[in-house]
Amino acid sequence: MLTITDLSLQRGGVWLLDSVALTVQSGQRVAIVGANGAGKSSLFQLLLGQLAPEQGSVSLPGGCRIAHMAQEVEATGRSARDFVLDGDLDLRRLERELQQAEARGDNNAVAHIHGELDIHEAWSAARRAESLLRGLGFQNGDADRPVSAFSGGWRIRLNLAQALMRPSDLLLLDEPTNHLDLDACLWLENWLRRFDGTLLFISHDRDFMDRVATHVVHFDRQKLELYTGNYSAFEGQRSERLAQQQAGFERQQTRIAEIQRFIDRFKAQATKARQAQSRVKSLERMEKIAPAHIDSPFNFQFPVADKVSNPLLSIRHGQAGHGESVILDNINLTLLPGSRVGLLGPNGAGKSTLMDALLGQGEEGITSTLLSGERTCGENLAIGYFAQHQLESLDLDASPFLHLQRLSPRASEQSIRNFLGGFNFHGNEALSPIRSFSGGEKARVALAVIAWQKPNLLLLDEPTNHLDLEMRQALTMALQNFDGAIVVVSHDRHLLRNTVDEFWLVNDGRVMEYQGDLEDYERWLADRRKDDTEAPKRQSAGAGSSDDSIAASESEVGIGESAEDRKVRKRAEAALRQKLSPYRKKQATLEKQMESLHETLSDMESELVDPDLYDDESKSRLKELLGKQSEAKARLEGIEAEWLDVSETVEAMEEELAG
């Protein structure tokens with residue numbers, strides 16, 4: 001699918017790639033990782049023909065269709081649905097040709113184009129576009145809204161939907177999860193795992209890469225290293241390579257020291273001068289092994305708060321919303337020192353509204369999202385609040401140093417510089433206006449400002465957006481060591497899994513403790529999506545008089561049933577879910593086995609195209625490989641048959657659950 005040969009690239013006088021080679025096979029899903037500024041986005045620009053290398057070549061199959069995710073979109077008046085449909089270039093071309101043929105009165109051309117549109121499944125295009133929008137978190141009715149009505153983050157989602165709408169052989173996604181919530185991330189993972197083309201994606205989300213990637217390409221010191229497996233496999237393999245590299249470096253340094261001692265000792269002696277000079281040349285010719293660099297540039301903590309109250313914050317009988325609109329009702333919660341809470345809930349359910357209620361202030365002139373109820377603060381409550389819009393409130397003309405100095409005018413210059421160093425702001429960068437900073441650098445400034453103020457309650461709304469892997473890991477470790485309370489909304493499951501002890505579910509206007517883990521929540525979301533998809537069908541099928549429709553609706557959702565009937569129904573559903581669970585696990589296990597076998601067969605096919613394999617001296621290897629290929633194909637057929645049987649059972653049980 002993709003071959004890079006002896007390629008070198010520089011930008012702004014900085015070499016990003018130096019004589020690199022890379023081969024990506026058709027159907028592989030490749031995560032691109034590396035430090036910020038290493039050249040990941042530049043690689044995409046090379047593939048799109050927007051950059052030219054200093055040397056080398058990029059080879060793609062003839063007629064290869066490439067789809068990519070733009071990072072910006074203009075505030076147009078086109079509807080969200082039409083914007084997404086614009087991604088299907090062939091569809092739009094056929095629609096234009098149809099209009100032209102109709103205007104000419106060319107009936108033969110009209111008939112031919114209608115046939116082409118049928119082949120292209122144009123009849124389902126609008127529905128597919130709306131399905132993409134729903135999966136990425138857009139609400140009913142959003143499809144008809146103009147692009148200009150959406151904020152920047154939502155426009156990025158529109159760009160992603162447009163890229164997914166475009167039929168492609170090669171799909172390029174640059175930070176696709178950056179502006180997604182957890183629900184949309186889970187949906188996107190499933191979509192990409194079903195994508196039958198080749199995928200290259202840049203990401204800093206460990207769980208996302210683990211679930212999607214079959215391979216990892218690592219940018220490291222102007223080279224590209226290809227690893228087989230997901231991100232966790234990459235970490236293990238890289239650790240082994242780094243250990244080997246460090247051991248080789250240390251052995252070489254010992255040898256260099258020995259040679260240098262010989263040179264220093266004998267270079268002045270006539271009888272040994274020739275040997276000493278030989279050692280000098282030996283050192284000059286020696287290919288140096290670099291030391292393994294694994295240290296993170298980030299090393300910070302949230303300082304211990306000066307004082308702490310117990311409890312820190314509570315809300316009783318609260319209602320939260322905006323103006324006359326109540327989004328959350330009957331809120332009852334308490335945050336103690338050491339509380340570590342992750343907020344879960346569908347997009348639009350009110351997670352940010354709850355955050356604002358906890359904070360005690362809202363946006364756009366609303367003094368608080370807490371409309372009624374009692375919010376009680378501990379005497380020494382000190383809140384540190386992070387949300388994406390916080391970046392917009394930073395003073396773009398001020399430096400990171402000045403942001404902290406304004407908070408503590410009496411703090412010494414060295415103490416501020418030392419603190420900023422933990423966030424990787426050193427030297428002139430600490431004194432530079434942040435206007436030209438990247439999104440990730442501004443996010444680090446915002447986090448530094450929060451940490452500097454020694455909060456005892458952290459309210460964090462998507463804190464990892466724009467952060468690279470090393471900064472995410474540093475933030476995770478800092479939160480693990482934080483003594484205060486934490487409430488966090490995040491699509492980064494690695495951060496949630498390692499920093500929170502409990503989850504609250506925000507759903508249907510309520511806030512409640514969630515007893516499951518992230519895997520349970522993913523299943524809950526999948527069931528909910530299935531219900532949402534089938535509800536319109538049931539409603540349409542049951543349409544009659546208005547009274548009949550209302551009665552049917554109440555029966556379906558349990559509104560019209562008695563408490564005892566509802567309890568019996570819930571017990572039956574729970575028993576069926578318990579019976580269904582092992583089948584789902586078996587289904588997932590078989591899917592993993594099929595994916596592994598597909599990957600094995602792909603590797604075998606790659607080896608079988610090697611001409612050297614067909615030389616006489618390689619006959620035994622060829623015979624062995626063909627035998628293994630036959631065995632793998634037979635095993636795959638058996639597993640696929642078993643998967644079909646299990647899937648039918650799962651589908652039947654799910655239909656029974658749906659009622």
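The values are calculated or read from the model by the stated rules, or taken from the named source; none is laboratory data. Bear in mind that the values here come from a model prediction, so they are computed numbers and not experimental data. No Cβ is skipped: glycine too gets one built from the backbone with ideal geometry, and neighbour counts run over all protein chains shown.
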Could you list, in sequence order, all residues of region 5-20 that are among the hydrophobic types (A, V, I, L, M, F, W, C) and surrounded by 14 or more Cβ atoms within 10 Å (Cβ to Cβ)? LEU7, LEU9, LEU16, LEU17, VAL20
From the list ASN159, ASN178, which residue is at pLDDT 90 or above and not acidic (Asp, Glu)? ASN159
Of everything in region 410-429, what is part of a helix (DSSP H, G or I) and among the aromatic types (Phe, Trp, Tyr)? Give them in sequence order. PHE419
So for region 50-57 (the condition being at positive phi and in contact (Cβ under 8 Å) with a residue 12 or more places away in the chain), does at least one residue qualify? yes
Could you list, in sequence order, all residues of region 216-238 that are within 14 Å of ILE32 (Cβ to Cβ) and not in a strand (DSSP E or B)? ASN230, TYR231, PHE234
Those residues that are surrounded by 15 or more Cβ atoms within 10 Å (Cβ to Cβ) and in a helix (DSSP H, G or I), I need them from region 132-152; list them, please. LEU132, LEU133, ARG134, GLY135, ASP142, ALA143, VAL147
Could you please find all residues in region 431-490 being under 22 Å from TYR231 (Cβ atoms) and more than 18 Å from the chain's Cα centre (by Cα)? MET477, ALA478, LEU479, GLN480
Would you mention how many residues in region 380-409 are assigned to a helix (DSSP H, G or I) and of a type in the set (A, V, I, L, M, F, W, C)? 5
Enumeration of residues in region 73-125 that are under 34 Å from the mean Cα position of the chain (by Cα) and of a type in the set (Val, Ile, Thr): VAL73, THR76, VAL84, ILE119
Taking region 492-510, which residues are within 14 Å of the chain's Cα centre (by Cα) and within 27 Å of ASN330 (Cβ to Cβ)? LEU496
Has region 290-297 got any residue that is at pLDDT below 75, β-branched (Val, Ile, Thr), under 37 Å from the mean Cα position of the chain (by Cα) and over 30 Å from LEU188 (Cβ atoms)? yes
Would you check which residues across region 193-210 are out of contact with any strand residue (DSSP E or B) (no Cβ under 6 Å at 6 or more places or on another chain) and either in a helix (DSSP H, G or I) or at pLDDT 95 or above (or both) and list them? ARG193, ARG194, ARG206, ASP207, PHE208, ASP210
Among all residue pairs at least 6 apart or on different chains, which show Cβ distances below 6 Å where the first residue, located in region 626-641, is within 18 Å of LEU590 (Cβ to Cβ) and the second is in a helix (DSSP H, G or I) and at pLDDT below 90? ALA632/LEU597; ALA632/THR600; ALA632/LEU601; LEU636/LEU597; ILE639/LEU590; ILE639/GLN593; ILE639/MET594
Subset of region 221-234 that is surrounded by 15 or more Cβ atoms within 10 Å (Cβ to Cβ) and not polar (S, T, N, Q) - its residue that is nearest to THR5 (Cα to Cα): LEU224
Condition first: on the phi < 0 side of the Ramachandran plot, basic (Lys, Arg) and in contact with a strand residue (DSSP E or B) (Cβ under 7 Å, 6 or more places away or on another chain). Can you find one or more residues in region 93-102 that meet it? no
Can you name every one of the strands (runs of 3 or more DSSP E) wholly within region 300-348 that holds 1 or more residues which are small (Gly, Ala, Ser) and in contact with a Phe, Trp or Tyr (Cβ under 6 Å, 6 or more places away or on another chain)? 340-344
Looking for something touching a helix residue (DSSP H, G or I) at 6+ places or on another chain (Cβ under 6 Å) and on the phi > 0 side of the Ramachandran plot - is there at least one such residue anywhere in region 136-152? yes
Starting from region 119-146, keep only residues that are not assigned by TED's automatic domain parsing to the domain that holds LYS351, then list their pairs with residues that are part of a helix (DSSP H, G or I) and surrounded by fewer than 16 Cβ atoms within 10 Å (Cβ to Cβ) whose Cβ atoms are within a distance under 7 Å, requiring at least 6 positions of separation or different chains. HIS120/ASP90; GLY135/TRP191
